[in-house]
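Novice: Sharing a structure below in structure tokens format, with a few things to ask.
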Amino acid sequence: MDLIKSILFSPDKCNKCGKCSVACGKGVIYLNGLFRPIFANLSRCDACMKCESICENNAIEVTFY
């Protein structure tokens with residue numbers, strides 16, 4: 001399993017579509033009341049990269065050690 005260093009989120013690039021939240025099967029990403037992604041429970045992340053790959057605006061970047 002890859003070790004995740006960080007999940008970088010650029011709010012200025014986010015269009016609030018919510019696709020990242022739907023793509024995350026581990027419950028790491030959820031949307032707040034303003035449809036802004038919130039990254040929580042990072043220990044659940046299995047480095048599948050679905051959130052990064054589905055983001056059309058490149059607002060999410062997963063980095064590894």
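Novice: Just a yes or no: is a residue in the range 24-40 part of a helix (DSSP H, G or I) and under 15 Å from Ile4 (Cβ atoms)?
Specialist: There is no residue in the range 24-40 that is part of a helix (DSSP H, G or I) and under 15 Å from Ile4 (Cβ atoms).
Novice: Related question: Out of everything in the range 1-39 that is more than 16 Å from Glu56 (Cα to Cα) and either of a type in the set (Ser, Thr, Tyr) or without any contact (Cβ under 8 Å) to a residue 12 or more places away in the chain (or both), what residue ends up being surrounded by the fewest Cβ atoms within 10 Å (Cβ to Cβ)?
Specialist: Gly33
Only the coordinates and a few stated rules stand behind these numbers; no lab work does. As the structure is a prediction and not an experimental result, all values here were calculated from the model. Because the Cβ atoms are built from the backbone with ideal geometry, glycine has one as well, and the counts that use them run over all protein chains shown.
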